[in-house]
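S.K.: Before I ask anything, here is the structure I am working with.
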Amino acid sequence: MVSISDLLLESGLTRERLEECRRIAGSTGDSLDRVLLSKEYIPEEQLLEAYAKHLGYDFLASLDGIQVPMSFVDRIPVQFTRNYNLIALAEEEDGLLRIATCSPLDPQPMDDLAAMLQVEIEPVLAPRSEITSLIARAYRHKADGVDEALADVAEDGDIQGLASEIDDAEDVLDVANKAPIIKLVNTILFQALKMRTSDVHFHPYTDRTQVRFRIDGILYDMDSIPRKAHEAIVSRVKVMGRMDIAERRLPQDGRATIKIGDGEVDVRISSVPTSNGERIVMRLLDKTAKLYTLDQIGLTPTNLEMLRDYVTWNHGIILVTGPTGSGKTTTLYGAMAEIDTTQKNVLTIEDPVEYSLAGISQVQVNTKKGLTFASGLRSFLRQDPDVMMVGEIRDLETAEVAIRAALTGHLVFSTVHTNDACSTITRMVDQGVEPYLVASSLILVVAQRLVRTICKHCRDLDPVNDEWAAKLRKVGLTPEQVDGHVAFGRGCEECFHSGFSGRTAIYEFLPVDEVLRTQVMEGVTATQMKKAAIERGMTTLRMDGQEKIIQRLTTPDEVLRVTQLDMG
């Protein structure tokens with residue numbers, strides 16, 4: 001049998017590093033695989049593959065499409081699966097249960113699991129991130145203990161008696177021995193994270209507090225909580241965000257970090273006083289969520305090639321525009337990930353820093369301390385930058401600094417809140433920037449929206465009837481263009497019966513060419529600019545949406561929902 005040392009050396013690990021990790025493992029009592037991963041001496045997949053060969057286990061790089069047996073989900077608590085990163089993959093005919101693990105040298109949890117289930121277990125090695133996402137998919141349909149937590153709250157006589165201490169990062173899985181109200185809030189947050197929720201609303205009514213989740217851009221009503229628990233929930237959330245519990249008449253903002261297993265999630269908290277009590281909204285930013293590359297965000301081959309070309313320019317401003325929550329930051333991060341940071345100095349100033357990018361220096365806005373977009377950008381100019389990203393151009397001061405940077409040989413990325421690409425240019429002029437400065441600094445404007453994609457588990461085709469034909473006509477398509485059939489989602493457990501799962505973007509690319517520069521200098525309106533750009537071959541948001549309908553990625557209703565104002 002080949003030794004594990006030989007297999008690790010074959011995987012690219014040097015003998016010196018292997019010996020160093022062996023010594024650390026010997027002195028700390030940690031297993032060798034954990035030491036190797038903590039040192040980042042070998043990628044997790046290569047390490048697990050080596051152990052799989054050595055131990056005679058199977059290795060699966062991806063767990064996509066696997067259905068976890070319901071008998072496992074019903075009998076094993078989610079806390080156990082999360083803590084030990086174990087999940088059932090399949091039940092064999094002979095009663096053997098295949099269990100995915102990322103810790104091949106830790107048999108104790110496996111033994112506990114076998115005892116709990118009273119079955120024989122066969123380990124399968126898989127990356128930790130794959131196991132974590134499969135656990136989330138498997139357990140998201142369970143009640144999650146919200147009802148149980150609510151029952152505890154109802155029984156708790158002292159409803160205001162909540163723990164005011166909070167760890168640096170509250171672990172939402174750790175609900176044992178917690179006060180009922182803390183357990184309730186943590187359970188709701190855990191449920192939200194499993195369902196890919198971007199915002200959690202606690203909306204007070206006269207008789208109840210309604211919990212609402214925003215999933216894929218749409219708000220869904222979730223649990224109703226008795227009115228008497230509302231004040232305690234507000235106090236608990238304020239404690240998490242280090243806000244003033246006593247102040248109930250003024251809006252407040254707070255921040256918190258919560259843990260879910262190994263991952264951390266940033267939470268931005270906003271409270272606003274209403275006639276029924278304080279309303280709380282929590283924005284969840286999952287730091288462990290994967291960053292999308294440019295070829296994963298819905299760009300057509302033409303637009304992808306154009307964006308990749310502009311990212312290599314050494315000066316000018318690239319603006320991404322759209323309403324809040326339209327994926328602008330994701331597009332910018334995807335573009336910046338294409339830049340070779342070993343040759344270029346890249347700096348960003350954001351509010352907040354949503355994801356950490358390797359090789360890029362990221363700065364968080366702090367208005368209380370005087371660190372604004374404009375002041376941060378000014379400081380960047382003294383840091384010998386090649387590429388800069390400023391989270392948003394909100395005012396004349398930031399716009400002028402960005403333009404000055406672009407005109408002095410820097411590539412600047414930023415976002416603006418406008419309806420389409422052409423109105424971005426007129427907005428900058430309206431803010432007070434001289435037209436000749438806009439014309440000479442701007443090189444590309446990208447407008448975008450997010451449309452929900454049809455759930456792949458319940459996607460179906462419908463022949464075009466009169467109703468579909470009317471919707472297609474509104475979008476500008478004929479039944480022939482969609483081969484006489486429209487794709488839609490019937491609704492299933494996987495997509496919470498919405499028919500949609502996940503989102504993709506539709507785009508409008510406006511390169512600033514000589515014709516457009518002349519129009520900017522002449523003060524032409526946004527409508528005239530758009531008309532001329534379409535004549536020169538620009539694809540509008542709605543046209544890109546048409547393409548997504550033809551490709552059966554989304555529905556006419558979705559495209560109409562996000563492009564009401566795009567009449568191009």
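The values are calculated or read from the model by the stated rules, or taken from the named source; none is laboratory data. Model, not experiment: these values are computed from the prediction. Note that each Cβ is placed from the backbone with ideal geometry, even for glycine, and that neighbours are counted across all protein chains shown. Keep in mind that these areas ignore ligands, DNA and RNA; they rest on the heavy atoms of the full protein, side chains included. Shrake-Rupley method; radii C 1.70, N 1.55, O 1.52, S 1.80 Å.
S.K.: If we scan region 107-117, do we find a residue that is surrounded by 15 or more Cβ atoms within 10 Å (Cβ to Cβ), touching a residue at least 12 places away in the same chain (Cβ under 8 Å) and more than 21 Å from G29 (Cα to Cα)?
M.R.: Yes: one or more hits.
S.K.: Evaluate the following for T342: is it open to solvent by 50 Å² or more (accessible area, probe 1.4 Å) and over 23 Å from M543 (Cα atoms)?
M.R.: Details: open to solvent by 50 Å² or more (accessible area, probe 1.4 Å): yes; over 23 Å from M543 (Cα atoms): yes.
Yes: the conditions hold for T342.
S.K.: Would you confirm, using the coordinates I've provided, whether T101 is β-branched (V, I, T) and open to solvent by 20 Å² or more (accessible area, probe 1.4 Å)?
M.R.: Against the criterion (β-branched (V, I, T) and open to solvent by 20 Å² or more (accessible area, probe 1.4 Å)), T101 does not qualify.
S.K.: Does Q296 satisfy the condition of being of a type outside the set (V, I, T), surrounded by fewer than 20 Cβ atoms within 10 Å (Cβ to Cβ) and farther than 23 Å from A505 by Cβ? Outline the logic, then answer.
M.R.: On the way: of a type outside the set (V, I, T): yes; surrounded by fewer than 20 Cβ atoms within 10 Å (Cβ to Cβ): yes; farther than 23 Å from A505 by Cβ: no.
It is false that Q296 is of a type outside the set (V, I, T), surrounded by fewer than 20 Cβ atoms within 10 Å (Cβ to Cβ) and farther than 23 Å from A505 by Cβ.
S.K.: Something else: It is to be established whether one or more residues within region 346-367 are closer than 27 Å to Y436 by Cα, over 19 Å from the mean Cα position of the chain (by Cα) and open to solvent by 50 Å² or more (accessible area, probe 1.4 Å).
M.R.: no
S.K.: Considering only region 382-392, how many residues are open to solvent by less than 50 Å² (accessible area, probe 1.4 Å) and touching a His at 6+ places or on another chain (Cβ under 9 Å)?
M.R.: Here the count works out to 4.
S.K.: A follow-up question, please. Being assigned to a helix (DSSP H, G or I), open to solvent by 20 Å² or more (accessible area, probe 1.4 Å) and not hydroxyl-bearing (S, T, Y) is the filter here, so list the residues in region 66-77 that pass it.
M.R.: M70, D74, R75
S.K.: For region 44-65, what are the residues that are assigned to a helix (DSSP H, G or I) and either polar (S, T, N, Q) or surrounded by 15 or more Cβ atoms within 10 Å (Cβ to Cβ) (or both)?
M.R.: Going through region 44-65, the residues assigned to a helix (DSSP H, G or I) turn out to be 44-55.
Listed by number, the residues that qualify are E44, E45, Q46, L47, L48, E49, A50, Y51, A52, K53, H54.
S.K.: Next question, about the same structure. Restricting the search to region 100-134, which residues are modelled with pLDDT under 85 and touching a helix residue (DSSP H, G or I) at 6+ places or on another chain (Cβ under 7 Å)?
M.R.: Once the filter is applied, which keeps residues that are modelled with pLDDT under 85 and touching a helix residue (DSSP H, G or I) at 6+ places or on another chain (Cβ under 7 Å), region 100-134 yields P104, L105.
S.K.: Out of T504, T540, T555, report the one residue that is under 17 Å from G327 (Cβ atoms) and surrounded by 15 or more Cβ atoms within 10 Å (Cβ to Cβ). Outline the logic, then answer.
M.R.: Numbers: T540 fails: under 17 Å from G327 (Cβ atoms); T555 fails: under 17 Å from G327 (Cβ atoms).
Going through T504, T540, T555 in turn, the sole match is T504.
S.K.: Is it true that T478 is hydroxyl-bearing (S, T, Y) and over 27 Å from G327 (Cβ atoms)? Spell out the reasoning first.
M.R.: On the way: hydroxyl-bearing (S, T, Y): yes; over 27 Å from G327 (Cβ atoms): yes.
Yes: the conditions hold for T478.
S.K.: Determine if region 304-313 includes at least one residue that is surrounded by fewer than 16 Cβ atoms within 10 Å (Cβ to Cβ) and either of a type in the set (S, T, N, Q) or within 30 Å of M243 (Cα to Cα) (or both).
M.R.: Taking every residue of region 304-313 in turn, at least one turns out to be surrounded by fewer than 16 Cβ atoms within 10 Å (Cβ to Cβ) and either of a type in the set (S, T, N, Q) or within 30 Å of M243 (Cα to Cα) (or both).
S.K.: Hey, which of the strands (runs of 3 or more DSSP E) in region 276-361, taking only ones fully inside, have at least 3 residues that are within 30 Å of K228 (Cβ to Cβ)? Give the derivation first.
M.R.: Numbers: elements: 277-286, 316-321, 346-350.
So the answer is 277-286.
S.K.: If you don't mind, there's one more thing I want to ask. Can you find a residue that is touching a helix residue (DSSP H, G or I) at 6+ places or on another chain (Cβ under 9 Å), in a helix (DSSP H, G or I) and modelled with pLDDT under 95 anywhere in region 363-373?
M.R.: Yes, because at least one residue in region 363-373 is touching a helix residue (DSSP H, G or I) at 6+ places or on another chain (Cβ under 9 Å), in a helix (DSSP H, G or I) and modelled with pLDDT under 95.
S.K.: Another question, then. In region 182-241, what count of residues is obtained for those that are more than 15 Å from the chain's Cα centre (by Cα) and part of a helix (DSSP H, G or I)?
M.R.: 24
S.K.: Mind checking which residues of region 271-307 are modelled with pLDDT under 95, of a type in the set (K, R) and over 21 Å from the mean Cα position of the chain (by Cα)?
M.R.: Matches in region 271-307: none.
S.K.: For E397, indicate whether it is assigned to a loop (DSSP other than H, G, I, E, B) and open to solvent by 70 Å² or more (accessible area, probe 1.4 Å).
M.R.: The answer is no for E397.
S.K.: Let me ask something else about it. Filter region 25-43 down to residues that are among the aliphatic types (A, V, I, L, M) and touching a residue at least 12 places away in the same chain (Cβ under 8 Å) and give me whichever is surrounded by the most Cβ atoms within 10 Å (Cβ to Cβ).
M.R.: L36
S.K.: Could you list, in sequence order, all residues of region 246-261 that are surrounded by 13 or more Cβ atoms within 10 Å (Cβ to Cβ) and either among the acidic types (D, E) or not in a strand (DSSP E or B) (or both)?
M.R.: E247, R248, G261
S.K.: Next question, about the same structure. Please indicate, with yes or no, whether at least one residue in region 526-546 is of a type outside the set (A, V, I, L, M) and within 24 Å of the chain's Cα centre (by Cα). It would help to see each step written out before you state the result.
M.R.: Looking only at region 526-546, we keep the residues that are of a type outside the set (A, V, I, L, M), and these are 527-528, 530-531, 535-537, 539-540, 542, 544-546.
Now drop any that are not within 24 Å of the chain's Cα centre (by Cα), which leaves 544-545.
Checked against the condition, which is being of a type outside the set (A, V, I, L, M) and within 24 Å of the chain's Cα centre (by Cα), region 526-546 yields at least one hit.
S.K.: Go through (1) touching a residue at least 24 places away in the same chain (Cβ under 8 Å); (2) over 30 Å from K531 (Cβ atoms) and name the single condition R382 misses.
M.R.: With (1) touching a residue at least 24 places away in the same chain (Cβ under 8 Å); (2) over 30 Å from K531 (Cβ atoms) applied to R382, the lone miss is (1).
S.K.: Residues being open to solvent by 40 Å² or more (accessible area, probe 1.4 Å) and under 30 Å from D64 (Cβ atoms): count how many of those fall in region 441-485.
M.R.: Qualifying residue count for the region: 8.
S.K.: Among (1) outside any helix (DSSP H, G or I); (2) open to solvent by less than 10 Å² (accessible area, probe 1.4 Å); (3) over 29 Å from I360 (Cα atoms); (4) not aliphatic (A, V, I, L, M), which single condition is C422 missing?
M.R.: Exception for C422: condition (1).
S.K.: With the checklist (1) open to solvent by 50 Å² or more (accessible area, probe 1.4 Å); (2) farther than 18 Å from R137 by Cβ in hand, flag the one item E91 doesn't pass.
M.R.: Only one criterion in (1) open to solvent by 50 Å² or more (accessible area, probe 1.4 Å); (2) farther than 18 Å from R137 by Cβ is unmet by E91, namely (2).
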